[in-house]
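Below is one structure, written out as structure tokens, with a few remarks after it.
The values are calculated or read from the model by the stated rules, or taken from the named source; none is laboratory data. For clarity, every value in this text was computed on a predicted model and none was experimentally measured. Using ideal geometry, Cβ is built from the backbone for each residue, glycine included, and neighbour counts are taken over all protein chains shown.
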Amino acid sequence: MAEKKSLLKRLWQTFRSPSKVAVGVVLVFGFFGGVIFWGGFNTALEVTNTEQFCIGCHEMHDNVYLEYRDTIHYANRSGVRASCPDCHVPHEWTHKIVRKIAASKEVWGKITGIIDTPEKFEAHRRYMAEREWQRMKETDSRECRNCHNFDYMDFSVQGSRAAQAHSTSLASGEKTCIDCHKGIAHQLPNMRGVEGF
């Protein structure tokens, strides 16, 4: 019994005042573990931020991706191409994480079969579009502005209607890109009751 108490006392002393070597080992393992975790996390984040990942399921590939391929964002005279994440995922890290968490609802839709057929996808198209339009409106079309910078717009080469809208409503902050450019890269749902249509 005395031996057990002596052993427990020695263990307690060791844990109460660890040696410098033990602290160093814990710090080194902690540092390298953190680097490996952070690197793995960022790598996974970037993999999920590619067009190939976005269109990896047939719901996206066979619906919105096919529509997008017929738009100016896919192919145009300048060769500048906006892919899925360019329009749907913020560039800033904190906003990107928030968006990735929100996108888990879309993954849930795939897992549960809510949008797994063209008919189901079409039935949910307006709901999904309205959610995305609302998100873009709330962020002042942040992703559009990654490429389209208001400060560099040349109104003289825009159509009169576009120049008027950009120089007034957009300039004043009354409207944002998505207010006028719904359906710029995807087929519109039934627009009955949607403002401006």
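Laid out as a table, the results:
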| item | result |
| --- | --- |
| Qualifying residues in the stretch 99-121 (those that are of a type outside the set (A, V, I, L, M, F, W, C) and outside any helix (DSSP H, G or I)) - the one farthest from the chain's Cα centre (by Cα) | T117 |
| Per-region count, the stretch 72-86, residues assigned to a helix (DSSP H, G or I) and either more than 20 Å from the chain's Cα centre (by Cα) or touching a residue at least 40 places away in the same chain (Cβ under 8 Å) (or both) | 1 |
| Unmet requirement for G33, which otherwise passes all of (1) assigned to a helix (DSSP H, G or I); (2) small (G, A, S); (3) under 30 Å from E130 (Cβ atoms) | (3) |
| Verdict on V157 being surrounded by 12 or more Cβ atoms within 10 Å (Cβ to Cβ), among the β-branched types (V, I, T), modelled with pLDDT under 95 and over 22 Å from L66 (Cα atoms) | no |
| Any hit, the stretch 42-64, residues being of a type outside the set (A, V, I, L, M), within 21 Å of Q134 (Cβ to Cβ) and part of a loop (DSSP other than H, G, I, E, B) | no |
| V89 vs. criteria under 11 Å from the mean Cα position of the chain (by Cα) and of a type in the set (A, V, I, L, M, F, W, C) | yes |
